[in-house]
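> I have a structure here, written as structure tokens, and I will follow up with some questions on it.
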Amino acid sequence: MTNISALPANAMFSTLLNNNHSVLRALLNAVQLPRYASTDDAIEVLKARLMADYSDACRKNDIYFCGGKFYLSTSLRLRENPPEPVWLVLTREYTGRWLLNYSRQNHVPAGIAARVGGTAIRQADIRKTVPLVKARPLSNNMAATLSRKGWTVAGEIDPKNLTQLFPTSTEIAEMTTFAAGSDIVHGLRLAATYPGTVQSVNVRDCTPIELRRIDGLLRTLVQQGYIVLEPSAARDRRFRVSRDSTVQDYLKGKWAEIYVAAQLLDLIGHDSSWQVRMDVQLRNGVTKAEADLLFYNRNSSQLFYIECKSGRAYLANHDSSALLAKAQCYGIPASNFAVFSSETSTLSAGMERLCTHLTTFNVRKLRKGLEAMIRKGAGPR
């Protein structure tokens, strides 16, 4: 039986329907339904129809994932000639909140609407995906470490969910280990920053192996609905990014945080003494701050912090004292803090200048650096 844990349980979906009255009213005005005594009665019938369609789709594994969204066909038809099928669209934000919407069939990605391969991924193919549930509040010990400097936790994310929902983070990271691949990642960032624009990357000097790696990543991103390839000459690769804000955030640089978290979780394995959290939102009075990646060992009571950066100019424009001050204001010593930069092109200029003052990692050095931090955290304080 296919694992459908990537989707809300029936009870949660029912709550989602109840919390999206405006969506239901808009859908009610658009679809074919018999006349009812009141709008409230019609809404209840509509919810029952959608609930039945959702349960049936989950049971049959007839749900598709593309571009960070889940699609399922419903029994409803638009009030048009010919009556076009209605699809439900479910999206999960980084915060864990589910969003509900609907779409006419000709606005659904073609590979999904046609129920063929290509851009669509059957639910059976994402059986390892887990929901982007909001993480539980940080443990008392971790919270206590932060509270000693006056910080309280306003929100955070369990990265286990993101690392499985966005597996291409590793492929993107590996692109940054050679010049043309780094140019592709930079182009994806620009295309995501300026939606609708077409970015062109020169691949003239690529080796055949490098070109296969680049084209493999771009094909994967197309299949996921993240980008659209544009016609280009053999020496170029041209593309634009989806207008989906989750996809844009991911390609702007969220992938770097997810990549580091994935490597850390892989090294920690099933060791329950570690707690890992991403995008930790902190408050100290009226001051708000964010920590990219925090991980804490319950046995040694040590808290570690990694700042993740994917932009080319970041390290060249920041000094080590400012970076260290950010960690130390959380009560985290310099020895438990590191900066990850994905861009090898900035390491020679930026990282070498910083490395005498703080710990820095690039893609090639990341795992060894994380292993050292884990050994330190697992030992006596």
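> Tell me, which residue of region 204-225 that is more than 14 Å from L251 (Cβ to Cβ) and touching a helix residue (DSSP H, G or I) at 6+ places or on another chain (Cβ under 7 Å) is surrounded by the fewest Cβ atoms within 10 Å (Cβ to Cβ)?
Taking region 204-225 as the starting set, the residues that turn out to be more than 14 Å from L251 (Cβ to Cβ) are 204-216, 219, 223.
Still in the list and also touching a helix residue (DSSP H, G or I) at 6+ places or on another chain (Cβ under 7 Å): 205-206, 210, 213-214.
Working: D205: 10, C206: 21, E210: 18, R213: 20, I214: 20.
So, considering only residues that are more than 14 Å from L251 (Cβ to Cβ) and touching a helix residue (DSSP H, G or I) at 6+ places or on another chain (Cβ under 7 Å), the one surrounded by the fewest Cβ atoms within 10 Å (Cβ to Cβ) is D205.
> Also, quick follow-up: Enumerate the pairs (first residue in region 26-51 and closer than 25 Å to Y71 by Cβ; second residue anywhere and exposed (fewer than 13 other Cβ atoms within 10 Å of the Cβ)) with beta-carbon separation below 7 Å, excluding pairs fewer than 6 apart on the same chain, so at least 6 apart or on different chains.
Once the first residue is closer than 25 Å to Y71 by Cβ and sits in region 26-51, its partners that are exposed (fewer than 13 other Cβ atoms within 10 Å of the Cβ) give A30/R79; V31/R79; Q32/R79; Q32/P83; R49/S75.
> Quick one: would you say G311 is surrounded by fewer than 20 Cβ atoms within 10 Å (Cβ to Cβ) and either modelled with pLDDT under 90 or assigned to a strand (DSSP E or B) (or both)?
Taking the combined requirement at face value, the residue satisfies it.
> Looking at the structure I just gave you, is L16 more than 24 Å from the chain's Cα centre (by Cα) and over 30 Å from T220 (Cα atoms)?
Working: more than 24 Å from the chain's Cα centre (by Cα): no; over 30 Å from T220 (Cα atoms): yes.
In short, no.
> Still on this structure, please answer the following. Here are the criteria: (1) touching a Lys or Arg at 6+ places or on another chain (Cβ under 6 Å); (2) within 30 Å of S245 (Cβ to Cβ). Tell me which single one Q32 does not satisfy.
Condition not satisfied by Q32: (2).
> Here is a further query. Inside region 206-256, can you point out the residues that are within 13 Å of the chain's Cα centre (by Cα) and of a type in the set (K, R)?
Matches in region 206-256: K252, K254.
> Which ones in region 272-301 are under 23 Å from A372 (Cα atoms), touching a residue at least 40 places away in the same chain (Cβ under 8 Å) and in a loop (DSSP other than H, G, I, E, B)?
Correct list: S273, R298, N299, S300, S301.
> Select, from V241, V228, V201, the only residue that is crowded, with 19+ Cβ neighbours inside 10 Å and under 27 Å from L99 (Cα atoms).
That would be V241, the only listed residue that is crowded, with 19+ Cβ neighbours inside 10 Å and under 27 Å from L99 (Cα atoms).
> Filter region 42-61 down to the residues that are over 19 Å from P83 (Cα atoms) and charged (D, E, K, R) and list them by number.
E44, K47, D56, R59, K60
> For region 239-250, which positions are of a type in the set (K, R) and out of contact with any helix residue (DSSP H, G or I) (no Cβ under 9 Å at 6 or more places or on another chain)?
Hit for region 239-250 is R243, nothing else.
> Here's another thing I want to ask about it. R59: at pLDDT 85 or above, under 32 Å from the mean Cα position of the chain (by Cα) and farther than 28 Å from S242 by Cα, yes or no? Before the answer, list the steps.
Working: at pLDDT 85 or above: no; under 32 Å from the mean Cα position of the chain (by Cα): yes; farther than 28 Å from S242 by Cα: yes.
Against the criterion (at pLDDT 85 or above, under 32 Å from the mean Cα position of the chain (by Cα) and farther than 28 Å from S242 by Cα), R59 does not qualify.
> Take the residues in region 314-340 that are modelled with pLDDT of 85 or more and among the small types (G, A, S); name whichever of them is surrounded by the fewest Cβ atoms within 10 Å (Cβ to Cβ). So that I can check it myself, show each step before the final result.
Quick first cut of region 314-340, residues modelled with pLDDT of 85 or more only: 327, 329-340.
Adding the requirement that they be among the small types (G, A, S) leaves 327, 331, 334-335, 338.
Numbers: A327: 22, G331: 17, A334: 14, S335: 12, A338: 24.
Among those residues, the one meeting the criterion is S335.
> Another one. I need the full set of residues from region 16-41 which are part of a helix (DSSP H, G or I) and over 20 Å from E84 (Cβ atoms), in order please. Walk me through how you get there before you give the answer.
Kept after step one, since they are part of a helix (DSSP H, G or I), are these residues of region 16-41: 16-18, 21-30, 39-41.
L16, L17, N18, H21, S22, T39, D40, D41 - these are the residues of region 16-41 that are part of a helix (DSSP H, G or I) and over 20 Å from E84 (Cβ atoms).
> Do you know which of the residues in region 1-50 that are among the basic types (K, R) and at pLDDT 85 or above is nearest to S103 (Cα to Cα)?
If we take residues in region 1-50 being among the basic types (K, R) and at pLDDT 85 or above, then R25 is nearest to S103 (Cα to Cα).
The values are calculated or read from the model by the stated rules, or taken from the named source; none is laboratory data. Note that the structure is a prediction, hence the values are computed from the model and not measured. Cβ atoms come from the backbone with ideal geometry, glycine included; neighbour counts cover every protein chain shown.
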